[in-house]
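Okay, structure first, notes after.
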Amino acid sequence: MASREQFSSKTGFIMAAAGSAIGLGNIWGFPTQTASNGGAAFVLVYFILAFCLAYPALMAELIIGRHARANVFTALRGIATGPFTRFLGGFVGGYGVLVASLILSFYAIVAGWMLAYLGEAIARLLGMDQLAGWLISFGFERNMLLMGLFMMLTMAIIAKGIEGGIEKWSTRLMPMLLIILIALIGYVLTQSGAQEGLRVYLLPDLSQVRPVLILDAMGQAFFSLSLGVGTMLVYGSYLDEKESLPKLGAAVTLVDAGIAFIAGLLIIPAIYVAKEHGATIFNDSGELIAGPDLIFQVLPALFNSMGEVGVLVALAFFVLMSIASLTSSISMLEVPVSFATEETKASRKQATLIIGLLIFCVSSLILSYFEQLFSLVIDLTTVYSQPLLGLLLCVFVGWIWHRDNLLQELSKGHPTISETWFWKIWPSYVKIFCPILILATFVQGVIG
Ligand code: TRP
């Protein structure tokens, strides 16, 4: 067997994993969830859950991945201790591969919209108004074309492999994302209305804290850290043995939560600037518009009202959204592609092509029956499957795998790990606390 590819450096891994984590979930999901869940109260709960629940679960994935040096399916079967756990491992791994692929099938549609609005800004700069108008019409052809284009970009990067594809592009794109984000915040905060947005974002409004807030925050944290489906597991499997997993995992969690927080400083003030410009920002029941209308109506209305600079601001904003989407979508596609290359004789290029086409077909189906399928697929994958899979992964690490193996794996990049607080707390934490907390939140959310 040819030697397995891996990330060339620690930075390469951090860029790739942060690129996976930082996506539409951070820039769109987090700020709007915060705004509709009582502002700072949600931020606080989110940060606590990110570090106390998502971080330990992320560690479980990274450790399994680096130990097994394989995709989620092969890895979970590999650490099994008998026929039953082997079956369970195959089931959880297979379910993860399926969910990752389904997440990509709706994510590519949404990312296609980002490309469409990016194209619109360019078309308007070039004076091609008809094309611009078509690009922002919600037509089937437009949706298909841009979803297909986005899938092609994702496939082109994944076909190039780990170092030449995922790492190279994450390292190029993530700094750009940060620069654009900061530039946009700088601009928006000088506009009138921004102060009110900052207040809504940063001052807790306890009257809006609902019981489902914790479930929302947990779902958001799992989605944002790309957990449960084997994305982080497979990225961990490309990590060198000399690296310390707890430190890298903490860095990724911190960067992810930090960017989500910073994105809120852009989105929420921008909404209130739009209000100053006369846009409707609340729906009929008095809630802040947070869904697709926010990104595709409220903000574009704002950009339009800004005059000349508006097109450039729109361009920067949709470049930002497209970059965030792409570094995330590649991490989704890597899950089924690594599975296919390691479980069959297919080459990376073949696997990418076939799986990419299959996912394209699923996306087309979702677009054809949009009303029936779009939200359904999102709920089935992110609301139900992801926490459940996260729970099962914790069970694997906590109950099926031996503590000695864990210690051995962790010691590789961190010889003194057994003396750290991490080792004193984490193993029993993933074994007992995480599964109970995930289950409790889940049950409460589903019943309530
Ligand atoms: N974390 C990304 C975001 O915030 C999305 C993402 C990438 C993802 N890979 C994933 C979500 C795997 C779930 C599973 O947008």
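For region 374-448, the relative contact order is 43 percent, taking Cα pairs closer than 8 Å that sit 6 or more residues apart in sequence and dividing their mean separation by the residue count. When you work out D = kT/(6 pi eta Rh) for the chain at 10 °C and 1.306 mPa s, using the Kirkwood radius from C-alpha pairs as Rh and the Stokes-Einstein form, the result is 71 µm²/s. Cross-link check: pairs Lys168/Lys242; Lys10/Lys349; Lys242/Lys349 evaluated at a Cα-Cα cut-off of 28 Å; pairs beyond the cut-off: Lys242/Lys349. If exposed means no more than 13 neighbouring beta carbons inside 10 Å and the site is in a DSSP loop, what's the longest run of the chain without any exposed trypsin sites (Lys or Arg not before Pro)? The reported range is 5-241. Given in Å, the Rg to one decimal and the Dmax to the nearest whole number for the Cα atoms of region 251-346 are 18.2, 59.
Under a model in which nothing but the beta-carbon of Lys, Arg (+1) and Asp, Glu (-1) is charged, the chain shows a dipole of about 1120 debye around its Cα centre. Measuring between their Cα centroids, region 18-65 and region 394-430 lie 23 Å from each other.
When the pairs Lys160/Lys412; Lys160/Lys345; Lys345/Lys412; Lys160/Lys247 are compared against a 26 Å limit on Cα-Cα distance, Lys160/Lys412; Lys345/Lys412; Lys160/Lys247 fall above it.
Take every pair of alpha-carbon atoms less than 8 Å apart whose residues are at least six positions apart; their mean separation over the length of the chain yields a relative contact order of 33 percent.
Residues Thr171, Thr190 in ascending order of nearby Cβ atoms (within 10 Å, fewest first): Thr190, Thr171. Fewest-first ordering of Asp379, Asp205 by other beta carbons within 10 Å of each residue's beta carbon gives Asp379, Asp205.
Overall, the ratio between the Cα radius of gyration of region 65-121 and 2.2 N^0.38 Å, rounded to two decimals, is 1.69. With neighbours defined as other Cβ atoms within 10 Å of a residue's Cβ, the residues Ile259, Ile447, Ile354 order from fewest to most as Ile447, Ile354, Ile259.
Adding -39500 (n - 2.57) for every DSSP H run of four residues or longer, then dividing by how many residues the chain holds, sets the calculated 222 nm ellipticity at -23000 deg cm²/dmol. Coupling constants for region 99-106 follow from the phi torsions by the Karplus curve (6.51 cos²θ - 1.76 cosθ + 1.60, θ = phi - 60°), and in residue order they are 5, 4, 5, 5, 4, 4, 5, 8 Hz; glycine and proline get x.
Any read-out appearing in this document is the output of simple, stated calculations on the displayed coordinates, not a laboratory observation. If you're wondering where the values come from, they're calculated on a predicted model, not measured in any experiment. No Cβ is skipped: glycine too gets one built from the backbone with ideal geometry, and neighbour counts run over all protein chains shown.
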